[in-house]
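Participant: Below is the structure I would like to discuss, written out as structure tokens.
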Amino acid sequence: MSGHAFFALTLGCKINQYETEAVREAWLARGWREAADPAGADVLLINSCAVTARAVADVRQAVARLHRAAPHGRIVVTGCAAQVLREDMAALPGVADVVGQQAKVSLLRYDPEKGAAGAGGDEVDGSEDASAPDAVFPAFRIDGFTRSRPVLKVQDGCSHRCTYCIVPLARGAARSRDPREALAEARRLLDAGFRELIVSGVNLRQYGRDLPGGGPDFWDLLAFLERELAPQWAGRARLRISSLEPGQLGGHALDVLAESRLVAPQLHLSLQSGSPGVLRRMGRAHYRPEPLLDFARELAEVWPLFGLGADILTGFPGETDGEFRETLDFVDALPLTYAHVFPYSRRPGTPAAAMQGQLSQEVKKRRAAKLRGAVAAKKSAFLHRLLNEPQLLVAPEGARGLKGVCEYYAECRFAGGRSPAAGQGGDGVGSGELVAVRPLAVERDGLLVETV
């Protein structure tokens, strides 16, 4: 089993980043060596995404690139594209094994000589099959991270099944991590020198529903982490919340955020649309856009200054000019500081792919461009507002520490180069302390800052 050299490439979401790290650590623990580039590896792992057609195209390009670099290497494709497009992935030149998302945990014991079947990658028992009634949280764990801001994975899968989304088909039903396991991992990462942890899941609104007795919800989990970690780490480290469903925002969320000394003052919403009609067709009628405006006003009493991002999908089947205008007007009203805008992409096996009223690429691109323009104006205004702040706290990124993100999730570049507190982030041993900085100017999509 020893002597193998591997190269790992991650595509897609933060959860994929986490799971690649877990596999990477497992392989290193077995005596494998991580190659600096694909040409030096005999096992090449691609952790894939399938959320859009563009994401699948990226997987194909990655396979071709790695096969050219290491023509005799064993390419292993895992992740969501491997789950929903198994035959397509297996037919790509150079691919030796395809391990679907719901069998990804089997890669922890992967043996190149035996292939995926030797590790249980083809036949998965109920403990690893997300569709099984007694499915449990996948047995991934990490002690470090190859990036400066580690992902703390607390939830996997989604049981909601939005009409456009392929994720439930790829990742299966919602599963929650035991709060004590999440706490133990958070402590390991903080002790290793990391100072910003991204608390993440596929659908955090569904956290706890599968735990005994109905379990805690996500805000209960966050309050638990706060109670346990804040006495030692408040002011020295922070937790950043990954994407949230608008339907989980309310009084409980405000109470937890108001009491927190660790959570960064920034939220990211899986908004998708500002039109109630589009949300209904998306299968997202469990929330309405308007209450978000009230929540944002109440949040401003807890956090006088905060970052607010959103995922917005435009060009959904049947989206009229009036419905698009509803989304555009809602974006204007919501105090966004950035957003990720996506044109709708047909995904195989989803109800929306067969809906009437599919829009042309030209219409989808035009609408996406309008939304991006509206968001860009808001982002610029927010960055200029941050210039009035006497001090920000930046988590440096990478071994050189040339840049980082502040508490409000604005990108910051250090004037004069390397930050004085930059550690070894980027090679898996933490990024050093949070750095106090003074904003100097707005440049491109972020801030130029200097250390205080």
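Participant: Suppose all protein chains stay in the model; what accessible area per residue would a 1.4 Å probe give for region 1-112, in Å²? Intermediate results must be reported in sequence, preceding the final value.
Facilitator: Details: 4240 Å² over 112 residues.
I get 38 Å² per residue for region 1-112.
Participant: Might you report the magnitude of the Cβ-based charge dipole of region 178-226 about its Cα centre, with Lys and Arg at +1 and Asp and Glu at -1, to the nearest 20 debye? Write down the numbers at each step before the final one.
Facilitator: Details: 6 positive and 9 negative charges, 14 e Å.
Its charge dipole is roughly 60 debye.
Participant: Between rounded, prolate and oblate, where does region 1-125 land on the alpha carbon gyration tensor, with a ≥ b ≥ c its root eigenvalues, rounded for a/c under 1.5, else prolate if a/b exceeds b/c?
Facilitator: Numbers: a/c = 1.41, a/b = 1.17, b/c = 1.20.
It is rounded, given that a/c, with a ≥ b ≥ c, falls under 1.5.
Participant: Lys pairs in the chain, Cα-Cα under 25 Å, at least 8 apart or on separate chains: how many?
Facilitator: Total qualifying Lys-Lys pairs in the chain comes to 15.
Participant: Shape verdict for region 311-356, please, from the Cα gyration tensor: rounded (a/c under 1.5), prolate (a/b greater than b/c) or oblate. Don't skip to the answer; put the middle values down first.
Facilitator: Details: a/c = 3.96, a/b = 1.72, b/c = 2.30.
Oblate.
Participant: Note down the magnitude of the dipole of the chain about its Cα centre, charges +1 on Lys and Arg C-beta and -1 on Asp and Glu C-beta and zero elsewhere, to the nearest 20 debye. Intermediate results must be reported in sequence, preceding the final value.
Facilitator: Numbers: 55 positive and 54 negative charges, 219 e Å.
Here the chain has a charge dipole of around 1060 debye.
Participant: From the residues LEU293, PHE7, ALA333, which one has its Cα farthest along the dipole of the chain in the positive direction, the dipole being from +1 and -1 charges on Cβ of Lys/Arg and Asp/Glu about the Cα centre?
Facilitator: So the residue we want is ALA333.
Participant: For percent of Cα pairs over 31 Å apart, one of (1) 44; (2) 54; (3) 50 was computed from the structure I shared and the rest are decoys. Which label?
Facilitator: (1)
Participant: Tell me, which cysteines of the chain are without a disulfide-compatible partner by the Cβ under 4.7 Å rule?
Facilitator: So, CYS13, CYS49, CYS80, CYS158, CYS406, CYS412.
Participant: Continuing with the same structure: Along the charge dipole of the chain, which of THR163, ALA62, THR78 sits closest to the positive end, that is, farthest toward it, with unit charges on the beta carbon of Lys, Arg, Asp and Glu (+1, +1, -1, -1)?
Facilitator: The Cα lying farthest towards the positive end belongs to ALA62.
Participant: Report the Cα centroid-to-centroid distance between region 367-399 and region 47-61 in angstrom, as an integer.
Facilitator: Result: 28 Å between the Cα centres.
Participant: At 1.4 Å probe size, with the rest of the protein present, what percent of the exposed accessible area of region 154-272 is carbon and sulfur atoms?
Facilitator: Numbers: 1910 of 3940 Å².
Taking all protein chains in place, region 154-272 shows 49 percent carbon and sulfur surface.
Participant: Leaving ligands, DNA and RNA out of it, work out the accessible area of HIS384 with a 1.4 Å probe and give it in Å² to the nearest 10.
Facilitator: The accessible area of HIS384 comes to roughly 100 Å².
Participant: Could you work out the longest stretch of the chain that avoids the GluC sites (Glu not before Pro) located in DSSP loops with at most 16 other Cβ atoms within 10 Å? Numbers along the way, then the final one.
Facilitator: Working: sites that count: GLU113, GLU123.
Within the chain, the longest run free of exposed GluC sites (Glu not before Pro) spans 124-452.
Participant: Could I ask something else about it? Name the shape class, rounded, prolate or oblate, that the alpha-carbon gyration tensor gives for region 44-106, where a ≥ b ≥ c are the square roots of its eigenvalues, rounded holds for a/c under 1.5, and otherwise prolate holds if a/b is larger than b/c and oblate otherwise.
Facilitator: Numbers: a/c = 1.92, a/b = 1.25, b/c = 1.53.
Because a/c hits 1.5 or more and a/b fails to exceed b/c, region 44-106 counts as oblate.
Participant: If I take every Cα pair under 8 Å that is 6 or more residues apart in the chain, average their sequence separation and divide by the length, what percent do I get for the relative contact order?
Facilitator: Values: 967 pairs, mean separation 52.0, N = 452.
Relative contact order of the chain: 12 percent.
Participant: Enter the accessible area per residue of region 185-266 (Å², integer; probe 1.4 Å; all protein chains in place). Provide the component values of the computation, followed by the final result.
Facilitator: Values: 2880 Å² over 82 residues.
It amounts to 35 Å² per residue over region 185-266.
The values are calculated or read from the model by the stated rules, or taken from the named source; none is laboratory data. As the structure is a computational prediction, the values presented were derived from the model and not from experiment. Glycine gets a Cβ as well: all are built from the backbone with ideal geometry, and neighbour counts include every protein chain shown. To get the accessible areas, we keep the full protein, side chains included, count just its heavy atoms, and leave off ligands, DNA and RNA. Shrake-Rupley method; radii C 1.70, N 1.55, O 1.52, S 1.80 Å.
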